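Here the structure is laid out as C-alpha cells; the discussion comes afterwards.
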Amino acid sequence: MHISFYKRPLAIFLAVFCLFLALFLKTPKTENYFNYSAKAPSIYLNGEVVSYPVSKKGRTNFILKLDKTWNNKKVYGYCFNEECKNILRGDRIFYTGTLETLPKRENFGSFDFSLFLKRKHIVAQTRITQIDKIEKASAFWLNLSKLRKSILDVFEHNFDKEVLPILSGITLGEKGDISNDLYTDFQDSGAMHLLVASGGNVGFVTLVVYFVCSLFGFKRITSASLALIFALFYTLIAGADAPLLRAYLMAFCSTLGFILGRKSGLLQGFVLAGLIILFVNPQSLFEAGFQMSFLATFSIILFVSNFKIKESYPRFIKILAELFLISLIAQLSLLPIFCNYFHKVSLTAPLSNILLIPLSGILMGGGFLLWLISFLPFDFLTQGLVFILNILLMIFKFLVEFFASLPISKIVSPSINPLLIITFYLIFFGFLNLSLIKNKKKYICVVAVIACVLAVLSFCFMPSKIEVLRGNYNFAVIDKNKSLTRVFGAGVKGEVLQNALLTLGTKEIDCLFTKSSASYLYALKDLENIKIKNIYLNQNTLDEKTENLLKKTSAKIDFIWPGQEYCGVKIIKEENLKISYQIEKLKIFDNFKKIFTEGKERDFGA
C-alpha cells in the first residue's frame, strides 16, 4: 500500500466522519414511541418481517416493521407458535399480541440487549400470541427466503443437533440452537468468526464461481461478473449485515479493479463500504460486529500490503506462515474489542485458525454441494457426501474443543481505559505502516513519545465509580476508585459480580464487606477469575455453608466491630450494619444509605 492512500479525500472523509459520530452521535431513544409495559394488554397489529426468522429454544425471533399506524417503526418479535416457523422474510403478518418497551439491562456489566436493539433503530418488542393472516412476500424476497430455507432444511434433515449449528453457521451464519458449552469453546479457541457469515464467505463464493466459470471457458469479464452476481445473492441470503456488506463492496471494487487492471480496488471498496454502512445507519459505528469487521480487515490489508514473506520459502511453509501471521494480526487488531466487550482473549487463535480456516472452506463448499445434489435422484451421492461431511464436522468440533481445552487457550481480561486503547492502536497501526516511512527512527520516536504521554494520562484520569447490582434475593455494591476496589454484599450470581468488576477494569476485590450468611456470600459459589484479598464479616458465628463458601477463596478473613475502620471504611453502628443487609431488592436505592463512611458520610444510593 502506498502512503498516498491516507491523502485520498474519501479516506480522510471516512476518518473525520467516524470521529464526528464517536463524539456527537447519541443513542436513539424509545420513550416517545411506546409507553407499554411488560404487562401490556393484547392488541391487533400487523407488520412486515424485515429479517430472516431464527428458531431457537422453542421460539422464533425476527424483526418486524409495523404499519403506518405505528409510523413504520421496527420492533423485535417473539413468537412461540409452530406457524411462525413457516414465516419468511418479506412476509406481512396480521396478529394478536403485546407491544412492550424494551427490557432494561439487568445489571451493570451484563449484555445490554436493549441498547443493542436501539442501535438498530428497533424501538420496542412484541410477543405474538395468535397469527390471523400471513401475506406472502414479494417475488424477490420470497425466492431468496425459500432458497435460504431450502439450504437449512437440507442440513437439518441430514445432520444431528451436535454438528448442525457448525455447518449452518459456517455456511450461512445461522448458529440456531448451538449449546452454551460449544459456543464458549468457539470463543476460547478463537474460531467464533467462522460461525458468522462475513468477508471470508463472500470471498470464497466469489473465487469459487470465478474459478468454475474459467474452467468452462468463460472470458475474464464474464467470469468476474457472474462471480459478483452469485456473491451478491449469497450476501442477501446470508443476511446482508454490516460484515457481509463490507465484504461484498470490497469484493465488488477489487474485482472491478482487477478487470480494469487497477490495484486500488480493495482499499477503495473498504472506504466505500464504511461510508455506505455509516450513512445508512450511523449507529453501526458502536456495534461490536462493525468494529471487529473493519478493524480486522484494515489490519490484514495493511499487513499483506506492507509485509512480504520471502519467496525462497517452500510453498507449503509459506502458506502456513501467512495463515498464522494473518490470524495473529487480526487477533491483535481486535484485542481491545475482546477485552472491553467479551473480557476474554484467545491465545490459541493463531494456531487453531491454521487448521480451522481451510477446513471451514471445505465444509462451506461441501454444504452448498450437498444442497445442489439433494435435487438429484441419486440418494447414494447424497448419503455419501453426508457421511464425509459428518466426519469433517466431527473433526472440526474436536479441534475447536481441543484448542479451547488447552490451559493457555484464553486469558480473562478487564476492560481497557479509552486512552490506553488509543495508545494501543497508535503503536499497532504505527508498526503496520512502518515500511511506508522513510525516516523510521524519527517516526518511532514520535510514536513512542505520544504513546507514553497517553499511557500516563490514562492512569491519571481513572474515574471513581459506585455500581449497585441486584440479585434474586440480595445485592452487591461496588465502590471502585483509583487505589481500591471495595464490595459491600455478595448476594448476586458470581457471573454478575465478575462481569461488573471486569467492566470497571479490575480483576481484584481489595475488600469485601458482607454478612456472615451463605445468602450474602452467594457470589462465591461461581466467582471465577476474580481475586479477593480481604473479606470482612459482621459476626464470628459461621454455619457450614458459609465456611464452605469462604474456603473457595484465598482471602484473609476478619470480623468487623462498630467504631473501627477497615480498608478505609469506618463502621458507624452495629444496628445500622444489620439494617444494611436486610434491604429489599426493589428498595435498594432508598434504603442503602449512610451505612459506611470514609471521612464523611457517603450516600451509596445516589
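The values are calculated or read from the model by the stated rules, or taken from the named source; none is laboratory data. In this text the structure is predicted, and so the values were computed from the model without any measurement. So basically every Cβ, Gly included, is an ideal-geometry build from the backbone, and we count neighbours across all protein chains shown.
Here residue 367 meets the list (1) surrounded by fewer than 18 Cβ atoms within 10 Å (Cβ to Cβ); (2) part of a helix (DSSP H, G or I); (3) touching a helix residue (DSSP H, G or I) at 6+ places or on another chain (Cβ under 6 Å) almost entirely, failing just condition (1). Residues of segment 465-475 include at least one that is outside the structural domain of residue 104 (by TED's automatic domain parsing), more than 20 Å from residue 332 (Cα to Cα), of a type outside the set (Ser, Thr, Tyr) and more than 28 Å from the chain's Cα centre (by Cα). Does segment 455-471 include one or more residues that are on the phi < 0 side of the Ramachandran plot, crowded, with 16+ Cβ neighbours inside 10 Å, among the polar types (S, T, N, Q) and in a loop (DSSP other than H, G, I, E, B)? Scanning segment 455-471, I find no residue that is on the phi < 0 side of the Ramachandran plot, crowded, with 16+ Cβ neighbours inside 10 Å, among the polar types (S, T, N, Q) and in a loop (DSSP other than H, G, I, E, B), so the answer is no. Within segment 120-160, the residues that satisfy the criterion of being within 30 Å of residue 25 (Cα to Cα) and of a type in the set (S, T, N, Q) are 125, 126.
All of (1) part of a helix (DSSP H, G or I); (2) touching a Cys at 6+ places or on another chain (Cβ under 8 Å) hold for residue 443 with one exception: (2). Looking only at residues in segment 305-348 that are touching a Ser or Thr at 6+ places or on another chain (Cβ under 9 Å) and in a loop (DSSP other than H, G, I, E, B), the one that is nearest to residue 413 (Cα to Cα) is 343.
Does segment 534-570 hold any residues that are within 41 Å of the chain's Cα centre (by Cα) and charged (D, E, K, R), and which are they? Residues satisfying the conditions are 544, 545, 547, 551, 552, 556, 558. The set of residues in segment 389-429 that are touching a Gly at 6+ places or on another chain (Cβ under 8 Å) and either of a type outside the set (A, V, I, L, M, F, W, C) or closer than 16 Å to residue 192 by Cα (or both) comprises 403, 414, 415, 417. Might you let me know whether segment 250-260 holds any residue that is crowded, with 21+ Cβ neighbours inside 10 Å, within 25 Å of the chain's Cα centre (by Cα), of a type outside the set (Ser, Thr, Tyr) and at pLDDT below 80? Yes - at least one qualifying residue is present in segment 250-260.
State which residue is surrounded by the fewest Cβ atoms within 10 Å (Cβ to Cβ) when the search covers only segment 86-100 and only residues that are part of a strand (DSSP E or B), out of contact with any Asp or Glu (no Cβ under 7 Å at 6 or more places or on another chain) and hydrophobic (A, V, I, L, M, F, W, C). For segment 86-100, the residue satisfying everything is 99. Only a single item in (1) modelled with pLDDT under 50; (2) assigned to a loop (DSSP other than H, G, I, E, B); (3) over 34 Å from the mean Cα position of the chain (by Cα); (4) surrounded by fewer than 14 Cβ atoms within 10 Å (Cβ to Cβ) is not met by residue 590, and it is number (2). Selection over segment 545-570 of residues that are more than 18 Å from residue 509 (Cβ to Cβ) and either part of a loop (DSSP other than H, G, I, E, B) or among the hydroxyl-bearing types (Ser, Thr, Tyr) (or both) gives a count of 4. Listed by position, the strands (runs of 3 or more DSSP E) inside segment 1-85 whose residues that are assigned by TED's automatic domain parsing to the domain that holds residue 100 and modelled with pLDDT of 85 or more number at least 2 are 43-49, 59-66, 74-79. Residues that are in contact with a Cys (Cβ under 7 Å, 6 or more places away or on another chain), buried (at least 18 other Cβ atoms within 10 Å of the Cβ) and more than 30 Å from residue 406 (Cβ to Cβ) do occur in segment 217-225, at least one of them. Determine which member of the set 575, 547, 565 is modelled with pLDDT under 50 and acidic (Asp, Glu). Testing whether each residue is modelled with pLDDT under 50 and acidic (Asp, Glu) leaves just 575.
Within segment 146-187, work out how many residues are under 23 Å from the mean Cα position of the chain (by Cα), surrounded by 14 or more Cβ atoms within 10 Å (Cβ to Cβ) and among the polar types (S, T, N, Q). The number of residues fulfilling the criteria is 4.
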